[in-house]
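Reviewing the structure listed below.
The values are calculated or read from the model by the stated rules, or taken from the named source; none is laboratory data. Please read these numbers as outputs of a predicted model, since none were measured by experiment. Cβ: placed from backbone, ideal geometry, glycine included. Neighbour counts: every protein chain shown.
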């Protein structure tokens, strides 16, 4: 069976990368941009770093900001109407996963209006046309949405998040500028960074993993492990390392899938509006321990990439434990909570587990799981 890989047409990396945006817009013949960014980024001047460049270049744009964490069907549908009214021909997405996911869904529906209900995009939807061209500018070092073929939308009515997987939604240009991430508060830096680590680890052990994706994931784990603590301390090298590490992780997992950590995290966000990165981070060490028996020798590689010493002389049981312990220590060092207390209501757990089991990320998990197993995983963190 052939393995398919989808990546951006073009990507820019490093401080000052955003200066390439006007040239990319003009060089591709676009006339008006639909700038998607969340209200806080606009308020604190982060979005303005890009729109100022558009102003100076004389590029017309419409700013859309009806975007929230865990974006909803309604956010997307409103965006579709605003895009039509604006007469734009490209999208500039500025933000974290929420802005990116909203932009992808808007772009897909504009090009494939038969999916305007949004719910029908769940899973691998049979869209026929590439989405409106997107130039993606991440402001968090975690989601890697700028290089993935995935997006996640919240169905408020049904209290669930659904994953959409579509090669037609990948941004044509990714602009990964660590200066755009410098205003992230400490807690968000930690949570999104651990989300990036979750992407890399789940992508490395998922059932769909193969040699090319493994190359990206193991390097991403190494970069994140050495960079996240410094990024949380707002050190320049740490910020730059996380900007690269999360992107490299995205190059891999977007093409091979994730696992039950993400399916459980999506459910927490749908029920309690828990930030996605925080949910992934809390779950990661526990889910890693659960999956360990079905990972072959891969936890040895993870332990080495995490900086554990003496792995070569460890038994399989020892290096698996060492890998989990290294991830748990990093999580604690950057201030991630260790339990779901205060987030999850015990009476919700059966419904949470069923929703997580039904999530599109769950089948990629290396260990075949069940609703009962997921119930126990949630309970173990209470």
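Pairing residues of region 365-382 that are under 17 Å from residue 266 (Cα atoms) with residues that are surrounded by fewer than 17 Cβ atoms within 10 Å (Cβ to Cβ) and at pLDDT 95 or above, at Cβ distances under 6 Å and at least 6 apart in sequence or on separate chains, gives 371/354; 381/339.
Select from region 240-255 the residues that are within 17 Å of the chain's Cα centre (by Cα) and under 10 Å from residue 178 (Cα atoms) and list them in ascending order.
Those that are within 17 Å of the chain's Cα centre (by Cα) and under 10 Å from residue 178 (Cα atoms): 241, 242, 243, 244.
Considering region 12-33, the residues that are in contact with a helix residue (DSSP H, G or I) (Cβ under 8 Å, 6 or more places away or on another chain) and surrounded by fewer than 18 Cβ atoms within 10 Å (Cβ to Cβ) include one that is farthest from residue 257 (Cα to Cα), namely 32. Given the criterion without any contact (Cβ under 8 Å) to a residue 60 or more places away in the chain and crowded, with 23+ Cβ neighbours inside 10 Å, identify the matching residue among 220, 174. From the options 220, 174, the qualifying one is 220.
If the condition is being assigned to a helix (DSSP H, G or I), surrounded by fewer than 22 Cβ atoms within 10 Å (Cβ to Cβ) and touching a strand residue (DSSP E or B) at 6+ places or on another chain (Cβ under 7 Å), then region 45-97 contributes 51, 54, 73, 82, 86. From the list 188, 228, 212, 197, the one residue that fits, being at pLDDT below 95 and either buried (at least 24 other Cβ atoms within 10 Å of the Cβ) or in a helix (DSSP H, G or I) (or both), is 188. Filter region 34-44 for residues that are in contact (Cβ under 8 Å) with a residue 40 or more places away in the chain, farther than 19 Å from residue 20 by Cα and buried (at least 17 other Cβ atoms within 10 Å of the Cβ) and give the result. Residues satisfying the conditions are 38, 41.
Looking at residue 321, is it modelled with pLDDT under 95 and closer than 23 Å to residue 376 by Cα? So residue 321 does not fit the description; no.
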